[in-house]
Each structure stands twice: as structure tokens, then as C-alpha cells.
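The values are calculated or read from the model by the stated rules, or taken from the named source; none is laboratory data. Values in this document were obtained by computation on a predicted structure and should not be read as measured data. Reconstructed Cβ throughout: ideal geometry from the backbone, glycine too, with neighbour counts over all protein chains shown. Protein only, heavy atoms only, side chains kept; ligands, DNA and RNA dropped before computing areas. Shrake-Rupley method; radii C 1.70, N 1.55, O 1.52, S 1.80 Å.
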Protein chains: 2
Amino acid sequence: MTEQFPVTDRSRVRRMHDRASHAWADVHAVLDAAPMCHVGYVIDGAPYVTPTLHWRQGNRVFWHGSSASRFLRQAEGQAVCLTVSLMDGYVLARSAYNHSVNYRSAMVFGRANKITDAQDSAAALREMVDSLFPGRWETLRPMTAQEAKATTVMWMDIAEASVKDRVGPPGDADEADVPVWAGVLPMRTTLGTPEPAPEMAAGVPLPAELAELVASGLLRPA
Amino acid sequence: MTEQFPVTDRSRVRRMHDRASHAWADVHAVLDAAPMCHVGYVIDGAPYVTPTLHWRQGNRVFWHGSSASRFLRQAEGQAVCLTVSLMDGYVLARSAYNHSVNYRSAMVFGRANKITDAQDSAAALREMVDSLFPGRWETLRPMTAQEAKATTVMWMDIAEASVKDRVGPPGDADEADVPVWAGVLPMRTTLGTPEPAPEMAAGVPLPAELAELVASGLLRPA
Ligand SMILES: Cc1cc2nc3c(=O)[nH]c(=O)nc-3n(C[C@H](O)[C@H](O)[C@H](O)COP(=O)(O)OP(=O)(O)OC[C@H]3O[C@@H](n4cnc5c(N)ncnc54)[C@H](O)[C@@H]3O)c2cc1C
Ligand SMILES: Cc1cc2nc3c(=O)[nH]c(=O)nc-3n(C[C@H](O)[C@H](O)[C@H](O)COP(=O)(O)OP(=O)(O)OC[C@H]3O[C@@H](n4cnc5c(N)ncnc54)[C@H](O)[C@@H]3O)c2cc1C
Ligand code: HEM
Ligand code: HEM
């Protein structure tokens, strides 16, 4: 049996459910493919969606920001929905109706918490940096007490989650006689040539891990 | 005076407010740069964030889906927050604290409505297709009555909105003596080589508008 999140009224995919999964591995794969998520939370009954960076360990997701941020303060103790979406291409069909997008997306639900222990917070920030840029934390000017105090790390255990995706050519091969171009315009997000900070001393090399990340075509190390 | 959205308690940017704007033109520019948004809405007090495609005319934003979609039905008549985010690069500094991301994002707030008139709905869907792929609607197999019925178009007049962005190298030039690589890893999303549908008759050419869109480096025509 695959390990999967419970399928609840909240997270059951209704439309195009053949494109859906609730398996841990599928949820993890989407979360790990993108650096950025959109966090939904409620203030006075109204919805807010804030973009932020996330990282993951097991079924726990993390994000960070200012200790004074309204976004982080409001989310604490509250139900949130954290969504990660990757767009892989435009799908062009013979009819307008059959146009689509190739994509991968995950919606994860849970209750947001704040890391309160200073050592746990520092360890989480180290994990944030090193999960994007392996080995980098060690090479940096150490974090100060003031910086640590100004920063809050949030975490959420995934209680419910779903993934949807679409891959492949348009689904209307049965209308191939319509004389219009059909197919996919693939879309990709990649890292380009590193741009050194202007004031950096000559001779400071680009670390191999960063060169590898750029060359990998991925947005996070695999 | 620039035309701008009111700065309210909801939309006033608190942190890094030097990176903020509420000008119509800045909000429009971010909405127009990306095909995809994340819509936040509330069901039974809990937040949901659904990715979807959006398009814009003036200060009105549109999105579409199944007439049976819970997402669309729930949003109708409700306050929503529609967020568009573009990531332009990783910013690597000498200290972990000064790491950042180059980005552009817009959060727009308003009340979601459903287009109820069939002709208005068809016109909006045509605008959706042609705003992404100029002139395409006219070349397609016409929309059927059943397809029109299955589809709902939502619209929202922007009541409040904010934009934030960050550009440029890391902000810690004063610590340039720390011997670690610092700078920007630029990130870009682009369209790649078009992939014709396998069953398409040989000799159906790629329309010039699609070739131009791919060549432009943009995700929507300017
Ligand atoms: C890049 C992109 C573009 C899209 N564009 C459109 C569009 O233009 N029109 C459109 O109708 N849909 C679009 N979608 C799909 C959209 O996100 C929803 O899946 C769909 O609108 C409604 O599905 P539903 O009615 O089953 O969801 P609902 O019934 O509203 O949701 C039920 C539950 O299903 C799960 N779920 C629903 N959608 C997703 C998802 N995308 N990822 C993970 N879990 C999900 C959640 O747990 C949710 O709580 C797009 C998705 C992506 C990633
Ligand atoms: C790709 C990306 C990655 C990011 N990563 C992080 C991160 O890792 N950590 C982090 O702290 N922040 C991150 N941000 C910024 C984040 O979105 C918020 O701006 C910030 O966390 C909180 O700002 P605030 O306290 O002023 O917002 P709040 O006080 O929570 O918001 C007040 C109002 O300001 C406006 N606003 C706030 N943020 C934005 C925004 N991004 N775009 C448009 N309007 C906005 C809205 O109207 C909002 O209602 C990222 C943004 C982007 C686009
Ligand atoms: C540029 C053109 C278009 C694009 C890129 C597009 C894209 C999409 C995407 C990505 C979805 C989500 C599918 C999923 O849940 O996996 C969707 C759903 C849908 N679209 Fe479109 N669309 C386009 C035009 C249209 C038009 C013109 C119509 C109507 C004539 C239409 C009707 C629908 C309907 C009814 C759904 C819901 C499908 C379902 O849940 O059963 N779309 N569209
Ligand atoms: C890979 C490493 C990191 C990246 C990419 C990163 C990225 C970001 C981004 C994009 C923001 C939002 C800035 C804005 O609102 O425009 C932010 C805010 C913030 N980050 Fe980080 N960060 C990283 C590591 C850290 C670390 C290690 C700390 C603490 C030591 C930290 C502390 C903060 C604080 C306090 C804010 C809020 C700033 C403010 O609103 O005043 N970050 N970060």
C-alpha cells in the first residue's frame, strides 16, 4: 500500500480526478520541485494569499520571515492552505474548449505553528539555505543574535493534501481534421548565468554546488 | 497624479514598503506578465488557494472553469484574494540573513462574480484565447452550446491591490570582505520549441503569432 494522506471532503479532487493523487511521494515531489509557494490564510473572515519560499522535511513544511510580519503572526495557530504550482506548457487544441495547460500542483492543508526554540529555528534556517545551496551555510558570515531574533520560522505538519497534474498533447485527436495547428508550447523555468555582485573581490570562485544547480536545469537540488 | 488603488488596512504593505506600489499601471504590469494566478477563498472559515489562469481588461480580472467546480461556485459573491507572483532570481549574500529573491508580485482583492449572460461569457472566453494566442479563436472549430453551458467565467473588479518587487544584487556590499561568492542566479520562465500534436496532418503550419510568442521570451503577448 502506498503511504497517502487521508482523502477528506476538503481534499478530494472533484474535477478531472483521474489527474489526482494523495500519495505522500507525489505531494513531496511537487513541493520539492519549486522554491515558492502561495500560503492562504484568513483575517476577519477574508482570504489572503501570500507568496513565500518553503522547504520540507518529511511531512512537515517550513517557511520564514520577519518576526513582525502580519502574515506570519496571523497564520500562527490557524488553518492554512499552502499551494505549489508548476506550469509545464500551453496545450493548444482544435477547439477553444479543449485548450489546457500541462502542470503539476499540490494543495496542502494543516495548522501553522511558529518555531519557538532558538536552536531549532537556527537549525531550520540552516536547512533552508543548504537545501537550496548545498554546503553554503558553513561558508557564510555567521548569523548574529539580532538576526536570529528578527526572524521567525513557521512549520506545518501536512494533515491533508492533494496533487493534480496534466501531461501530454491535446486530448482532441478525434478532431484532427480541423486544419489548425495543435500541440504543446512547452514552458520551463531555469536558472541562467550567475551574476557576481559588483563589489566582490576578483578571484572569489563560483562554488561547484552553484554551478551544478544552474547546470541541472532544476530550481532546487534533487 | 498617478491613478492608484486606495491604500487600506488590508493592502498597505508593511515590511519592505519601499518595494511597494498601489499604482494601476504597476498592478496591471504584474498581472499581464504571468498567465497563472493563485485565488484565495474561504469555505466554512478555512482558506483554500487554487491555481488558475487569469486575464485582465482594465481593472477587471477574469478566470474560468467548469460550471460544476466547487472552487468557482464557492467564490461567487465572496471576497477573494488573487495573487500573481514571478520569481526573477536567487539573491546570494555573504550572510544567510541577507539572502533574498528577485521577484514581482501583485495581490488583488475584490468580490468574485459569475458572468451570467451567454454572449458575455462567449466574448470573455474569446478574449481569453486571443489574449494568449492572438487571432486564434477565429481559426478554431466553433464552440458548441454544450461547451458554453459547461463553462463558467468569473470576474472581479479590483477594489484594493498592491505590488511588491525586488531587483538587483545583494544588499550587503558593506560585507564584501567576506570571502564567499555573492550575486544573483537569474531565473527565467520561457516557452520552448513547439511540439505538434502527433496526429496532426503534415503541412499544417505553426501560425506566425505562436512563433512570435515563443521568440518573444514572454509568457503572454505584450
Ligand atoms: C497552472 C494551472 C492552471 C490552471 N488553470 C485552470 C483554469 O484556467 N481553469 C480551471 O478550471 N482550472 C484550472 N486549473 C486547475 C484548478 O487548479 C482546479 O483543479 C480546478 O479548477 C478545479 O478542480 P476541482 O473542481 O476538482 O476542485 P475543487 O472541487 O474546488 O477542489 C477540491 C479539492 O481538490 C483538490 N484540488 C483541486 N485543485 C487542485 C490542484 N490544482 N492541485 C492540487 N489539488 C487540487 C484540493 O484538495 C481541493 O480542496 C489550473 C491548475 C494549474 C496548476
Ligand atoms: C517569489 C517570492 C518569494 C518570497 N519569499 C519570502 C520569504 O521567504 N520570506 C518572507 O518573509 N517573504 C517572502 N516574500 C515576500 C512576501 O510575499 C511578503 O511580502 C512578506 O512576507 C510579508 O510582507 P508584509 O509583512 O509587508 O505583508 P503583510 O503585512 O502580511 O501584508 C499587508 C499587505 O501588503 C500587501 N503585500 C504583502 N506582501 C505582498 C506581496 N508579496 N506582493 C504584493 N502585495 C503584498 C498586501 O496587500 C497585504 O495584504 C516573497 C515574495 C515572493 C514574490
Ligand atoms: C487559452 C484557452 C484555454 C486554456 C489554456 C484553458 C485551460 C484550462 C485548464 C488548465 C483547465 C483545468 C483542467 C484541470 O482541472 O486539469 C481548464 C478547465 C476547463 N476549461 Fe479551459 N482553457 C481554455 C479555454 C477554454 C474555453 C474557451 C472553454 C469553453 C468553451 C473552456 C472550458 C473549460 C471547462 C468547462 C473546464 C473544466 C473542466 C472540468 O473540470 O471538467 N476552456 N481549462
Ligand atoms: C536561502 C536563503 C534565504 C532566502 C532566499 C531568503 C529570502 C527572503 C525573501 C525573498 C524575503 C522577503 C523580502 C521582502 O519582503 O521583499 C525574506 C525575508 C526575510 N528573511 Fe529571508 N531568506 C533566506 C534566509 C534567511 C535567513 C537565514 C534569515 C535569518 C537569519 C532570514 C531572515 C529574513 C527576515 C527577518 C525577513 C523579513 C525582512 C523584513 O520584512 O524586514 N532569511 N527572505
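Per the conditions (1) open to solvent by 50 Å² or more (accessible area, probe 1.4 Å); (2) in contact with a Lys or Arg (Cβ under 8 Å, 6 or more places away or on another chain), the sole criterion not satisfied by A:Y97 is (2).
Within the stretch A:127-137, the presence of a residue that is at the interface with chain B (Cβ under 9 Å from one of its Cβ atoms), out of contact with any Lys or Arg (no Cβ under 8 Å at 6 or more places or on another chain) and surrounded by fewer than 16 Cβ atoms within 10 Å (Cβ to Cβ) is excluded. Please work out which residue is farthest from the other protein chains (Cβ to nearest Cβ), limiting yourself to the stretch B:57-72 and to residues that are open to solvent by 30 Å² or more (accessible area, probe 1.4 Å) and under 18 Å from B:V108 (Cα atoms). Applying the filter and picking the extreme gives B:G58.
Of all the listed residues (A:P142, A:P221, A:P179, A:P196), the sole one being in contact (Cβ under 8 Å) with a residue 60 or more places away in the chain and either under 20 Å from the mean Cα position of the chain (by Cα) or at negative phi (or both) is A:P221. Being more than 16 Å from ligand 4 (Cβ to nearest atom), at negative phi and not assigned by TED's automatic domain parsing to the domain that holds A:V30 is the requirement here; does A:S95 meet it? Spelling it out, A:S95 is indeed more than 16 Å from ligand 4 (Cβ to nearest atom), at negative phi and not assigned by TED's automatic domain parsing to the domain that holds A:V30. Looking across the stretch A:65-95, the residues that are touching a strand residue (DSSP E or B) at 6+ places or on another chain (Cβ under 8 Å) and small (G, A, S) come down to A:G65, A:S66, A:S67, A:S69, A:A75, A:G77, A:A79, A:S85, A:G89, A:A93, A:S95. Highlighted here are the strands (runs of 3 or more DSSP E) found entirely within the stretch B:20-80 that include at least 3 residues which are in contact (Cβ under 8 Å) with a residue 12 or more places away in the chain and away from ligand 3 (no atom under 15 Å from the Cβ): B:36-43. Pick from the stretch B:167-222 the residues that are open to solvent by 40 Å² or more (accessible area, probe 1.4 Å) and of a type in the set (D, E): which of them is farthest from the other protein chains (Cβ to nearest Cβ)? The selected residue is B:E212.
Tell me, please, whether a residue that is aliphatic (A, V, I, L, M), within 30 Å of A:R166 (Cα to Cα) and more than 16 Å from ligand 2 (Cβ to nearest atom) can be found in the stretch A:73-82.
Yes, there is a match, as at least one residue in the stretch A:73-82 is aliphatic (A, V, I, L, M), within 30 Å of A:R166 (Cα to Cα) and more than 16 Å from ligand 2 (Cβ to nearest atom).
Regarding A:M143, is this residue open to solvent by less than 30 Å² (accessible area, probe 1.4 Å) and not β-branched (V, I, T)? Answer is no for this residue. Taking the stretch B:129-147 as the range and being under 16 Å from A:A93 (Cα atoms), outside any loop (DSSP other than H, G, I, E, B) and not polar (S, T, N, Q) as the test, the residues that pass are B:V129, B:D130, B:L132, B:R136, B:W137, B:E138, B:R141, B:E147. The requirement of being open to solvent by 30 Å² or more (accessible area, probe 1.4 Å) and closer than 23 Å to B:V163 by Cα is not satisfied by A:D26.
Across the stretch A:85-128, what is the number of residues that are near ligand 1 (Cβ under 10 Å from one of its atoms), of a type in the set (S, T, N, Q) and part of a loop (DSSP other than H, G, I, E, B)? Final tally of qualifying residues: 0. State yes or no: is B:K164 at pLDDT 95 or above and within 16 Å of ligand 3 (Cβ to nearest atom)? Judged against the criteria, B:K164 is not a match.
Per-residue answers, yes or no, for (1) surrounded by fewer than 18 Cβ atoms within 10 Å (Cβ to Cβ); (2) over 29 Å from A:L125 (Cβ atoms):
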| position | (1), (2) |
| --- | --- |
| A:Q4 | yes, yes |
| A:D9 | yes, yes |
| A:R15 | yes, yes |
| A:H22 | no, yes |
| A:H38 | no, no |
| A:D44 | yes, yes |
| A:P47 | no, no |
| A:W55 | no, no |
| A:Q74 | yes, no |
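Output yes when any residue across the stretch B:15-31 is in contact with a Ser or Thr (Cβ under 8 Å, 6 or more places away or on another chain), within 11 Å of ligand 2 (Cβ to nearest atom) and at the interface with another protein chain (Cβ under 9 Å from one of its Cβ atoms), and no when none is.
For the stretch B:15-31, residues in contact with a Ser or Thr (Cβ under 8 Å, 6 or more places away or on another chain), within 11 Å of ligand 2 (Cβ to nearest atom) and at the interface with another protein chain (Cβ under 9 Å from one of its Cβ atoms): present.
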